[in-house]
Amino acid sequence: KMAAAAGAGAAAGLWSEVNRCGQNGDFARALKSVNKILQINKEDVTALQCKVVCLIQNGNFKEALGVINTHTKVLTSDIIAFEKAYCEYRLNRIESALKTIQSASQQTDKLKELYGQVLYKLERYDDCLAAYRDLIRNSQDEYEEERKTNLSAVVAAQSTWEKVVPEDLGLREATYELCYNSACALIGQGKLNEAMKKLQKAEELCRQSLSEDSDVTEEDIEAELAIIHGQMAYIMQLQGRTEDALQLYNQIIKLKPTDVGLLAVIANNIITINKDQNVFDSKKKVKLTNAEGVEHKLSKKQLQAIEFNKALLAMYTNQADQCRKLSASLQSQSPEHLLPVLIQAAQLCREKQHVKAVGLLQDFADQHPANAAEIKLTMAQLKIAQGSVTKACMILRSIEELQHKPGMVSALVTMYSHEEDIDSAIEVFTQAIQWYQQHQASQTRGANPKSPVHLSLIREAANFKLKHGRKKEAISDLEELWKQNPKDVHTLAQLISAYSLVDPEKAKVLSKHLPSSDTMSLKVDVDALENSHGATYVRKKAGKLTGDNQQKEQGQGEVKKKKKKKKGKLPKNYDPKVTPDPERWLPMRERSYYRGRKKGKKKDQVGKGTQGSTTTGSSELDASRTASSPPTSPRPGSGAAVSATSNVIPPRHQKPAGAPATKKKQQQKKKKGAKGGW
């Protein structure tokens, strides 16, 4: 009895210590006291509960869960359900946490709060929204603002990932968290400018809120603003302002935020900006996406996008095996998704295996008919790249849900025209027009009014047939158009033109429906129009051209009448009293009176004067400078002197027959020598 009394007294003292430490927040010291109590009584339920709480407060979730699982007989689900579910939630065992919550006999407010968090993690947004609405409706405490923030986060997630138009919750955006979530919802709707304004407001509220605390530094504020700035950069990227987005992304990375999820998203977005360029930077950034715990911070679609980009980066860096491995893994995770098979096909094309790539795409289209349209479009593109335009057309025409679309019709007609297959092009028009006729007849119960798209296709078909000489086939289309709009003068004119070559009498009858010239005249002030600036310019230009043409015509007429030859130019030293030399057109060497060069005259001049200098008597030996010599044509070597003193390249002259090649070279050497001497 004395021992029991002593033990009870010690336990009471320990419990007092536990209570005091708990109130002070010193859970590590409280845990020591609880362990001492459990040494006295191992099955003390209250002590075990306190131990679990102390471990949770210290962040030892795994150890706390171990205590719960070890003492299942004492710590039943009714007693410890919340603590167990919370440990599982923090250990990212989300499915287990959900089962624990659902198996609890009594759903307390704490369990409902945790239930909302678990549903958000599982991306069951509809159930999560209902859970938070119930909590807000039935709770009145100091955590109401946090619940509203979580509710707005659910709405933002629905808008972003499920493309659900968010409803107006009527929440007053008094905090930066609420503004941020509202901006995310607007981004999901594509309202980027409004979202940017919300983010700017969130930044302002965040600065105001944190600056009120004197212990918070500017670095702490920038760290808190990192997620807001990251979302701003994302909007810039969506708007095409990639340089601004890249600069802001890199600023955030330099801050080294502790949120691995934020870093992974920013790194992924930088990789998408780099694409197939700057792959070295992308390979460094991709390491941030592999950080520990990233998979628990991001949504499934975010993680999937990161994996897709990893596969594409492997392809761009010529890591074929890695690319195939990643894309195959993605395909096994999401068999119905298009991107993995498209990445595999792209890798095969880089390896010049186009046939294999088309076969891979065809197999996917057969297995997943719902996604066949996009796959077949890719197959057609590959066929066009190979030069098989006709096969590409066959693939495109097999996409039944797109056959009637104007874009598809235009593409097919263009490709068939390129292949000069006019019949197939007309058949494409015919099938599309028939589809609209059947579709509209079923909708309008036989009234059969033509839609603008339908009429546009008929007009394009008629123009195409007229262009390629199929006037008989074009007549039925033109008549249909004119029937829909009898006041369309342009269509009537086309119809008359077509009938004029097929049935002239019919053309005459139709021409009576053309409006008279009086009705077609426009009430225009002709004088004002002619005196306008543009008209004056055109008139002056036309008059100038007309005057030039008239002068040319008059000049041609005079030449024909007079047949007068133009006077030739005479040389400057021409003397009409002297008979011109009949051999003046021949080179000097070929003339009958040429006697050759006189020898021995220059021997006594060799070695006299400076290097490269010439004697005064050299001009006397130049026959072209004598007054008595007849005028001659320019000498072929005359260009050498120009090239020695100017950078302009002289025109090339034809060398006269019989002229020695060495003479020109000697003259060039002389000139160069003279220049060098000075």
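Scanning the stretch 219-251 for residues that are surrounded by 20 or more Cβ atoms within 10 Å (Cβ to Cβ) and more than 21 Å from C179 (Cβ to Cβ) returns a single hit, Y249. Could you grab the pairs with beta carbons closer than 9 Å, sequence gap of 6+ or different chains, first residue in the stretch 32-49 and in contact (Cβ under 8 Å) with a residue 60 or more places away in the chain and within 14 Å of E17 (Cβ to Cβ), second one assigned to a helix (DSSP H, G or I) and among the small types (G, A, S)? From the stretch 32-49, no pairs qualify.
For the stretch 178-218, give me each residue that is under 15 Å from G230 (Cβ atoms) and open to solvent by 70 Å² or more (accessible area, probe 1.4 Å). Q200, the sole residue that qualifies. Among residues of the stretch 211-223 that are among the basic types (K, R), none has a Cβ under 6 angstrom from a residue that is open to solvent by 70 Å² or more (accessible area, probe 1.4 Å) at a sequence gap of 6+ or on a separate chain.
If the condition is being touching a Ser or Thr at 6+ places or on another chain (Cβ under 7 Å) and either free of Cβ contacts under 8 Å to residues at least 40 places away in the same chain or surrounded by fewer than 22 Cβ atoms within 10 Å (Cβ to Cβ) (or both), then the stretch 310-344 contributes A311, P340, L342, I343, Q344. Kindly indicate whether K254 is more than 30 Å from N309 (Cα to Cα), free of Cβ contacts under 8 Å to residues at least 40 places away in the same chain and open to solvent by 80 Å² or more (accessible area, probe 1.4 Å). Against the criterion (more than 30 Å from N309 (Cα to Cα), free of Cβ contacts under 8 Å to residues at least 40 places away in the same chain and open to solvent by 80 Å² or more (accessible area, probe 1.4 Å)), K254 does not qualify. Restricting the search to helices (runs of 4 or more DSSP H) fully inside the stretch 206-289 and requiring at least 2 residues that are more than 16 Å from Y316 (Cβ to Cβ) gives 218-238, 242-254, 260-274.
Does the stretch 5-57 hold any residues that are among the β-branched types (V, I, T) and either surrounded by 14 or more Cβ atoms within 10 Å (Cβ to Cβ) or within 60 Å of the chain's Cα centre (by Cα) (or both), and which are they?
Of everything in the stretch 5-57, those that are among the β-branched types (V, I, T) and either surrounded by 14 or more Cβ atoms within 10 Å (Cβ to Cβ) or within 60 Å of the chain's Cα centre (by Cα) (or both) turn out to be V18, V34, I37, V45, V52, V53, I56.
So is E95 of a type outside the set (G, A, S), at pLDDT below 90 and open to solvent by 60 Å² or more (accessible area, probe 1.4 Å) or not? For E95, the condition - of a type outside the set (G, A, S), at pLDDT below 90 and open to solvent by 60 Å² or more (accessible area, probe 1.4 Å) - is not met. Having 1 or more residues that are modelled with pLDDT under 85 and open to solvent by less than 20 Å² (accessible area, probe 1.4 Å) is the bar; report the helices (runs of 4 or more DSSP H) wholly within the stretch 361-427 that clear it. Qualifying helices (runs of 4 or more DSSP H): 372-385.
For the stretch 428-447, what are the residues that are at pLDDT below 75 and either among the hydrophobic types (A, V, I, L, M, F, W, C) or touching a strand residue (DSSP E or B) at 6+ places or on another chain (Cβ under 9 Å) (or both)?
If the condition is that a residue be at pLDDT below 75 and either among the hydrophobic types (A, V, I, L, M, F, W, C) or touching a strand residue (DSSP E or B) at 6+ places or on another chain (Cβ under 9 Å) (or both), then A441, A447 are the ones that fit.
Taking the stretch 65-92 as the range and being open to solvent by 20 Å² or more (accessible area, probe 1.4 Å), closer than 26 Å to E292 by Cα and of a type in the set (D, E) as the test, only E83 passes. Answer yes if at least one residue in the stretch 114-123 is more than 41 Å from the chain's Cα centre (by Cα) and open to solvent by 80 Å² or more (accessible area, probe 1.4 Å), and no otherwise. The answer is no; no qualifying residue exists.
Residues checked against (1) touching a Phe, Trp or Tyr at 6+ places or on another chain (Cβ under 7 Å); (2) of a type in the set (D, E); (3) over 30 Å from M408 (Cβ atoms); (4) at pLDDT 75 or above:
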position: P449; (1), (2), (3), (4): no, no, no, no
position: S456; (1), (2), (3), (4): no, no, no, yes
position: L466; (1), (2), (3), (4): no, no, no, yes
position: G469; (1), (2), (3), (4): no, no, no, yes
position: P486; (1), (2), (3), (4): no, no, yes, no
position: K508; (1), (2), (3), (4): no, no, yes, yes
position: S521; (1), (2), (3), (4): no, no, yes, no
position: E530; (1), (2), (3), (4): no, yes, yes, yes
position: G534; (1), (2), (3), (4): no, no, yes, no
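The values are calculated or read from the model by the stated rules, or taken from the named source; none is laboratory data. All values derive from a computational prediction rather than experimental measurement. Cβ coordinates were reconstructed from backbone atoms using ideal geometry, including for glycine residues, and neighbour counts include every protein chain displayed. When the accessible area is computed, the model is the full protein with side chains, heavy atoms only, and any ligands, DNA or RNA have been set aside. Shrake-Rupley method; radii C 1.70, N 1.55, O 1.52, S 1.80 Å.
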